There are 2 protein chains.
Amino acid sequence: MTGLLGSMPATIYEVAQKAGVGIGTVSRVLNNSSQISPQTRARVLQVIDKLNYQPHAMAQGLARKKSLTIAALMPFFTGHFYVELLKGIQQATARHKYDLILYSIEDLHDKDFYLKRALQQRRVDGVLLVSLPLSDAYAKEFQRRKLPLVLVDTSHADFDSFTVNNQSGAHAAVQHLIRLGHKRLAMITGHRESKPAQLRYTGFRRALAEAGIKLPEGLLISSDTLSGESITLNDGFNKETGYRAMQKLLQLNGIRPTAVFVASDIQALGAMQAMQESGLRVPEDMALVGFDDIELAEYVGLTTIKQPMFQMGQRAVERLMALINDPNSPRQHRRIETELIIRDSCGAKKEIKHKH
Amino acid sequence: MTGLLGSMPATIYEVAQKAGVGIGTVSRVLNNSSQISPQTRARVLQVIDKLNYQPHAMAQGLARKKSLTIAALMPFFTGHFYVELLKGIQQATARHKYDLILYSIEDLHDKDFYLKRALQQRRVDGVLLVSLPLSDAYAKEFQRRKLPLVLVDTSHADFDSFTVNNQSGAHAAVQHLIRLGHKRLAMITGHRESKPAQLRYTGFRRALAEAGIKLPEGLLISSDTLSGESITLNDGFNKETGYRAMQKLLQLNGIRPTAVFVASDIQALGAMQAMQESGLRVPEDMALVGFDDIELAEYVGLTTIKQPMFQMGQRAVERLMALINDPNSPRQHRRIETELIIRDSCGAKKEIKHKH
DNA sequence: AGCCGCTTTGGAAGCCCTTCCATTTAGGAA
DNA sequence: TTCCTAAATGGAAGGGCTTCCAAAGCGGCT
């Protein structure tokens, strides 16, 4: 009995010998080459089946100068966002019969090390760079060697990228609040240097401008204007900044806003906590809309902007495959549109109930 | 200018030539072979550095019959549990200078396909099988060929495994409730066929027995004894089963328990909802302890049992590396101990307050 | 000078494929 | 039958490494 895998996996030579053909012929069968007579093909396939033969990927890779492998470099932080993204990436990769090597970048210094490793040692056929900046030196390398690269949740003028449309997402969120009748709006956001924070702010301003609403002094609160322990972390999107920002808003007694757009759900949770501690209710005393659609958002009934990460992962891989097949394919910068998820915190549901 | 990666990556031949040595010597330097004179080594290293040379992993793999790659097969379901596990796996893999190929198994039928692919095509040096059953046919293959395999969150007599100690976790949860003075306890759990559900039940019984407490009729509710839409899904751990189970408990008016051990957090959330709808408070009217420590648990203040998945992922990889280095190393079955996370739902915190 | 035994080095063979070129074979046309 | 063309096939070369064996270098001995 040969066993499922063969005691020592068979090689193309054994297949050729048992089938009474040359190795070239076996290779041609394996690669669906055109010039093979149906009988020979059948005979070879039969032997392949009997020996349970599968080609050795490394030998194939060496000969073909292709690895049928792509690498994804991503920071492994938070939950939902990356899990969904990874799911999408993994699924699409498998569908194309490619394998995925995953590199988790915990320190930005490691990035170039792993890039080099993926490219030069592993000879991956393409790279997915997620949420990480592309250094100029590597940008040049990728271009010079025409290596397929797709950026996800980050961007660079010279390479394909998929990013969430932060601006239109924020715009939709704010527009929603305005339609619900709010005229006095505030915004809580992350650090001013954070790109997503900037874009979400732009969307906010645009929605206000379109409705002819002005943003009074003090109704925009960025994380870096606050003080506290976890304030300086990352992009400023965390619970504490949300909490402190809301406290600050609540101190502006006279001109308290009736609705707040919070640029991240996690901050929105902090904000809700601050309101609760002041005895205020959401949305009655103040309506809230967040951004991200984290897992908790559903639980607490937070209206928010959902980013379709699964789909984004899939599409990024599709694009990468296209680039692998045609490295000269023109650049594409895709903005993935977000979705407004209406729950309780914006007050829309109550309003509907009133009307009936 | 050579560029970061070399216009076409250098080979060992170029290095040898520029350094004025033979390829064997370069190879020896690369692999830290002993018999090399310091001067030669220095010269070769210098050229390697200048050419930015890195060995071609596929050529190395082919020659060495080793890939410096491991594969992880896992179902990609839920959040926290797998994300943490994957983080641990990824980190430990990188520390050993191995690369990780990730296979997501969405359909059990795919499992053997990907196993075969990993083993026979990719020639990975070891496999991590997560939360998936090992079929007998493959078990034999792994044994015969002495292929390093480590099971995570699943087990098989003949292979190394890392599992959460469900029983002692449940025991700790229930013991905690008993220490808080509860004498009338109930349990809500998943399907009776689910292995974790069974083990958690055993832990529950053991804690009761040790305290001399009997479990009255009707105070154990398994998902498969309920009716409803999502009831039959997977292992029975979902919100709806928790909700229905609690409803059922609440109908037993006379003998309502004072505390409930819920075998999964997600069910505990459903149970809390049912209580809330009946106007009951947690923990005043009924204390609750869950299992899993999902993200929401912290938010709602659910006392629960935390499974240290990150650590488990790391340890599984460590073990796999040990097996790669010594395939005859004796089997080990490790049970990872859980941690009791005390929050509000068990009433312990209030009790402490009372005392002061 | 000649010899011995290390240490150090060079490079052929081998790992398992793909691909290309040469060769064989079959089928038609003359 | 003979010759020509196209289809089918065999297998050498090559891809970049490791490893092993043979050979060279070296220092100290006699």
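Details
- Amide H contacts under 5 Å for A:ALA287, placed H, 5+ residues apart: A:ALA259, A:VAL260
- Taking every alpha-carbon pair under 8 Å whose residues sit at least 6 apart, chain B reaches a relative contact order of 17 percent.
- Applying the Kirkwood pairwise sum to the alpha-carbon positions of the range B:124-228 produces a hydrodynamic radius of 16.0 angstrom.
- Toward the positive end of the charge dipole of the protein assembly as shown, with +1 on the Cβ of Lys and Arg and -1 on the Cβ of Asp and Glu, the farthest Cα among A:MET309, A:ILE178, B:ALA348 is that of A:MET309.
- Beta-bridge orientation, the protein assembly as shown: approximately 10 percent antiparallel, per DSSP, counting only bridges with both partners inside.
- Within 10 Å of each Cβ in B:290-301, the average number of Cβ atoms from other chains: 2
- A simple spin-label model places the labels of A:ALA139 and B:GLN311 4.4 nm from each other, with each point 7 Å out along Cα-to-Cβ.
- Take A:GLU318, push a point 7 Å out from Cα through the beta-carbon direction, and compare it with the same point in every other copy: 4.4 nm, smallest first.
- Computed over the range B:225-330: relative contact order in percent, which uses C-alpha pairs under 8 Å that are six or more apart: 21 percent
- Area of B:ILE294 that stays accessible when all protein chains are in place (1.4 Å probe, Å², to 10): 40 Å²
- Choice from B:SER104, B:SER37, B:SER345 showing the highest fluctuation, given a GNM over chain B with Cα pairs closer than 10 Å: B:SER37
- Ranking by accessible area, most exposed first, for A:GLU240, B:GLU277, B:GLU141 with a 1.4 Å probe: B:GLU277, A:GLU240, B:GLU141
- The heavy atoms of A:ASP153 offer some 50 square angstrom of accessible surface to a 1.4 angstrom probe.
- The heavy atoms of A:LYS116 present about 50 square angstrom of accessible area, all protein chains included, probe 1.4 Å.
- Measure of compaction for the range B:12-55 (Cα Rg per 2.2 N^0.38 Å): 0.96
- Taking chain A as a Gaussian network of alpha-carbon nodes connected by springs under 10 Å, the highest mean-square fluctuation of the residues A:GLU210, A:GLU295, A:GLU339 belongs to A:GLU210.
- Teacher prompt: B:ASP285 distances to equivalent labels in other copies, 7 Å Cα→Cβ, nm: 2.6
- A:LEU68, B:LEU85, reordered so the largest accessible area comes first (probe 1.4 Å): A:LEU68, B:LEU85
- Each part gets one Cα centre, and for the range A:58-108 versus the range B:54-104 those centres are 10 Å apart.
- Near-label residues of the range A:140-163 by backbone N, under 15 Å of a point 7 Å along Cα→Cβ of A:GLU318: A:161-163
- Helix A:265-277 axis, angle to chain A major axis (alpha carbon atoms, nearest 10°): 30 degrees
- Surface listing: B:SER33, A:SER223 arranged by accessible area from highest to lowest gives B:SER33, A:SER223, probe 1.4 Å.
- Descending principal axes extents, chain A, alpha-carbon based, whole Å: 91, 50, 36
- Calculated label separations, B:GLN17, copies of the chain, 7 Å along the beta-carbon direction, nm: 3.7
- Proximal lysines to A:LYS111, defined as alpha-carbon separation beneath 22 angstrom and excluding residues fewer than eight positions away on the same chain: A:LYS87, A:LYS140, A:LYS146, A:LYS195, B:LYS50, B:LYS87, B:LYS97
- Nearest 10 degrees, 0 to 90: helix A:38-51 Cα axis against chain A principal axis: 70 degrees
- With respect to chain A, whose longest principal axis is taken over its alpha-carbon atoms, helix A:80-95 is tilted by about 20°.
- The orientation-averaged shadow of the Cα convex hull for the protein assembly as shown, equal to a quarter of the hull surface, comes to 40.2 nm².
- Net +/- balance of residues flanking B:LEU252 in space, Cβ distance below 12 Å, scoring K and R +1, D and E -1: +2
- Cβ-defined net charge surrounding A:ALA297, 10 Å radius [Lys, Arg +1; Asp, Glu -1]: -3
- Report summary: the helix-based calculation at 222 nm, which adds -39500 (n - 2.57) for every DSSP H run with n ≥ 4 and divides by the residues of chain B, gives -13500 deg cm²/dmol.
- The range B:217-335 pair-distance distribution - Cα-Cα, 5 Å bins, rounded %: 2, 10, 18, 18, 14, 10, 7, 7, 6, 4, 2, 1, 0
- Other residues lying with their Cβ under 13 Å from the Cβ of A:GLN332 contribute a combined charge of +1, Lys and Arg counting +1, Asp and Glu -1.
- A crude spin-label estimate for the pair B:LEU45 and A:LEU280, with each label 7 Å from Cα along the Cβ direction, gives 6.3 nm.
The values are calculated or read from the model by the stated rules, or taken from the named source; none is laboratory data. Note that the coordinates shown come from a computational prediction; the quantities given were computed from them, not determined experimentally. FYI the Cβ positions are ideal-geometry reconstructions off the backbone, even for glycines, and counts take in every protein chain you see. Areas reflect the complete protein model, heavy atoms only, side chains present, ligands, DNA and RNA absent. Shrake-Rupley method; radii C 1.70, N 1.55, O 1.52, S 1.80 Å.
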